[in-house]
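Reading through the structure tokens given below for one structure.
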Number of protein chains: 2
Amino acid sequence: MNYSSTLLENAVNELAKLPGIGRKTALRLALHLLKEKKEAVHLFSNTIAEMREQIQFCSVCNNVSDTQVCNICASSVRKKSIVCVVENIRDVMAIEATQQFSGLFHVLGGLISPLDGVGPDQLFIESLVERVKTGTIEELIFALNPNIQGDTTLFYIQKKIESFPVKITSLARGISFGGELEYADEFTLAKSIQNRISIERQKNNY
Amino acid sequence: MNYSSTLLENAVNELAKLPGIGRKTALRLALHLLKEKKEAVHLFSNTIAEMREQIQFCSVCNNVSDTQVCNICASSVRKKSIVCVVENIRDVMAIEATQQFSGLFHVLGGLISPLDGVGPDQLFIESLVERVKTGTIEELIFALNPNIQGDTTLFYIQKKIESFPVKITSLARGISFGGELEYADEFTLAKSIQNRISIERQKNNY
């Protein structure tokens, strides 16, 4: 396509590198930015450059942070004995949004996936083992996706820490709220029958 | 949602201002940019800032350009007597992609739309009238969208230039290639019967 301006074409090329943004959408975004005030576009580009330049990853849990230790790890009210192990930052946000978890996190930065060339060394597994070694952690909750990568990662970490007295749990699997039984897959339905909960217990939890 | 980093939150806010990008997509884009190399993100933000800062609009036709006069207007091989009037830059690209038009363009920058608060003064209509006044233009092809805004704009410009000897045409309306007759709307179908073309004439055009 003829862009009649190299500046516009360059911007479209850059925007089209973003995930899920094709060339047509990139052009629409570029033309939108062209219509905006100069100050607004400068704020846009500066904010993004600033984020990439200045953001830090928490030295304890590897979560994104503006400081060396993130505000979850630095909080005095959160239980330091329970650590929830997640794949990425979005999982931290999803769990934080429930407001039901008062422990700390550990962000692995991915899952072990030999097919994608991701080995244990590229993930923050060693730092998790170091945290376990300190002896302050009583329970590790694994909140990983229920697929081969998630299971492999769980198995690998379990092996690494088997000599330490830490309770290991995973998120409950079952029928989701609003989900219809007839559309649930057989495996999930089977698991939800095996791990059925008594109504009394459910009441107590409320 | 708790972002655990103000830098990340600011970037998500900026990305979510783009058209068609919600907060969830903005977060995905921001996390993608966080994973990229610092140089790549700097190139990204600089390219966009540079585009907004340095891009020019052709002083003749109002198309985007890297120079004061765009390469279409500056071209010596294009017919200066035929001008295609379009709403925006994307329409110029669409027509240029057909490689069937060898005249010049005039980008209005929008359509008259009182409901959206867009009046003739906000569009590049006066400069079009000035171009017509010079007497070099023999034909104006109106390639505007066939809706109320397009018709209003066409009618307004027609009134403005009625005293000048300029032929005014519009794009042909009819059944699109690959379109099925039974799904065509009645108005388009009626128009395509009224303005039917003889097979001989079509042959000559090829």
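If you go through region B:31-48 one residue at a time, do you hit one that is at the interface with chain A (Cβ under 8 Å from one of its Cβ atoms) and under 22 Å from the mean Cα position of the chain (by Cα)?
Yes, there is a match, as at least one residue in region B:31-48 is at the interface with chain A (Cβ under 8 Å from one of its Cβ atoms) and under 22 Å from the mean Cα position of the chain (by Cα).
Output the residues belonging to region B:4-57 that are more than 19 Å from A:I89 (Cα to Cα) and in a loop (DSSP other than H, G, I, E, B).
Correct list: B:K17, B:L18, B:P19, B:G20, B:I21, B:I55.
Give region B:35-62 a look and list any residue that's of a type in the set (A, V, I, L, M) and either touching a Phe, Trp or Tyr at 6+ places or on another chain (Cβ under 9 Å) or within 30 Å of B:C73 (Cβ to Cβ) (or both), or say none.
Once the filter is applied, which keeps residues that are of a type in the set (A, V, I, L, M) and either touching a Phe, Trp or Tyr at 6+ places or on another chain (Cβ under 9 Å) or within 30 Å of B:C73 (Cβ to Cβ) (or both), region B:35-62 yields B:I48, B:A49, B:M51, B:I55, B:V60.
Against the condition surrounded by 14 or more Cβ atoms within 10 Å (Cβ to Cβ) and not hydrophobic (A, V, I, L, M, F, W, C), how does A:T169 come out, does it pass?
Answer is no for this residue.
Touching an Asp or Glu at 6+ places or on another chain (Cβ under 7 Å), hydroxyl-bearing (S, T, Y) and outside the structural domain of A:V132 (by TED's automatic domain parsing): is that true of A:T67 in this structure?
no
Among the residues of region B:49-61, is any in contact (Cβ under 8 Å) with a residue 40 or more places away in the chain, within 20 Å of the chain's Cα centre (by Cα) and over 29 Å from A:L43 (Cβ atoms)?
yes
Residue-by-condition table, conditions (1) among the hydroxyl-bearing types (S, T, Y); (2) in contact (Cβ under 8 Å) with a residue 12 or more places away in the chain; (3) within 14 Å of chain B (Cβ to nearest Cβ):
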| site | (1), (2), (3) |
| --- | --- |
| A:R90 | no, no, yes |
| A:F101 | no, yes, yes |
| A:G109 | no, yes, yes |
| A:I112 | no, yes, no |
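Confirm whether B:T169 is touching a residue at least 12 places away in the same chain (Cβ under 8 Å) and in a strand (DSSP E or B).
yes
Does A:L115 satisfy the criteria of being within 14 Å of the chain's Cα centre (by Cα) and either under 14 Å from A:L154 (Cα atoms) or at pLDDT 90 or above (or both)?
No, not satisfied.
Being at positive phi, surrounded by fewer than 19 Cβ atoms within 10 Å (Cβ to Cβ), at the interface with another protein chain (Cβ under 8 Å from one of its Cβ atoms) and not hydrophobic (A, V, I, L, M, F, W, C), is that true of even one residue in region B:1-23?
yes
Which pairs have Cβ atoms under 9 Å, sit 6 or more apart or on different chains, and link a residue in region A:190-204 that is farther than 14 Å from A:G174 by Cβ to one that is modelled with pLDDT of 65 or more and surrounded by 10 or more Cβ atoms within 10 Å (Cβ to Cβ)?
Pairs that qualify, where the first residue is farther than 14 Å from A:G174 by Cβ and the partner is modelled with pLDDT of 65 or more and surrounded by 10 or more Cβ atoms within 10 Å (Cβ to Cβ): there are none.
The values are calculated or read from the model by the stated rules, or taken from the named source; none is laboratory data. Everything quoted here is computed from the prediction, not taken from an experiment. Note that each Cβ is placed from the backbone with ideal geometry, even for glycine, and that neighbours are counted across all protein chains shown.
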